[in-house]
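Here the structure is laid out as structure tokens; the discussion comes afterwards.
The values are calculated or read from the model by the stated rules, or taken from the named source; none is laboratory data. Quantities reported herein were computed from a predicted structural model and do not represent experimental measurements. Glycine gets a Cβ as well: all are built from the backbone with ideal geometry, and neighbour counts include every protein chain shown.
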Amino acid sequence: MESSTEVIPGHPNFVAEILNQPLKPKTMTKTTRILSIVLMVIPSLMLIMSAIMKLSHAPAFVEGFSKSGLGNYLTLIGSIELIAVALFLYPKTSKIGFLLLCSYLGGAIATELASGQAPMAAVFLSLFWVAVYLRNKWMFLGQSKEGIETIKS
């Protein structure tokens with residue numbers, strides 16, 4: 001039986017197939033590349049700064065997280081945030097880093113909404129999505145066999 005290279009959303013191997021695809025197609029223009037880098041770096045720097053503030057137990061962060069009952073987990077949350085950003089910025093692990101950042105920021109959005117704050121994490125998540133889409137639209141779209149063969153060739 002011949003193995004299919006078609007990526008089918010919902011198929012058990014869907015995530016594995018997505019993670020095995022190249023990060024950027026060969027047809028990326030210089031402008032698109034620069035834009036995707038800028039859109040990756042800006043929220044990454046903001047998250048790194050946030051992680052450092054959490055790890056250093058800045059008074060504003062301790063107070064805010066204590067109000068939501070997460071004050072004891074400040075170091076853990078900061079460490080997870082820093083690791084996810086590092087994985088995202090390292091090219092060989094950028095896809096798993098992207099998935100971890102989506103999960104982390106999704107939790108941040110839920111926490112912000114539950115506490116009645118504006119969901120600022122949604123801005124960062126949107127910037128990450130746009131940057132990754134510009135670099136590799138196949139992370140979000142299904143593709144046919146022709147699309148895979150075009151990328152591999």
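Only residues that are more than 12 Å from PRO43 (Cα to Cα) and either in contact with a Gly (Cβ under 6 Å, 6 or more places away or on another chain) or of a type in the set (A, V, I, L, M, F, W, C) (or both) were counted across the range 83-97, and they come to 5.
Per the listing GLU17, GLU2, the residue uniquely part of a loop (DSSP other than H, G, I, E, B), acidic (Asp, Glu) and either at pLDDT below 90 or touching a helix residue (DSSP H, G or I) at 6+ places or on another chain (Cβ under 7 Å) (or both) is GLU2. Inspect all residues belonging to the range 124-137 and state whether any of them is surrounded by 14 or more Cβ atoms within 10 Å (Cβ to Cβ), at pLDDT below 85 and under 20 Å from VAL38 (Cα atoms). For the range 124-137, residues surrounded by 14 or more Cβ atoms within 10 Å (Cβ to Cβ), at pLDDT below 85 and under 20 Å from VAL38 (Cα atoms): present.
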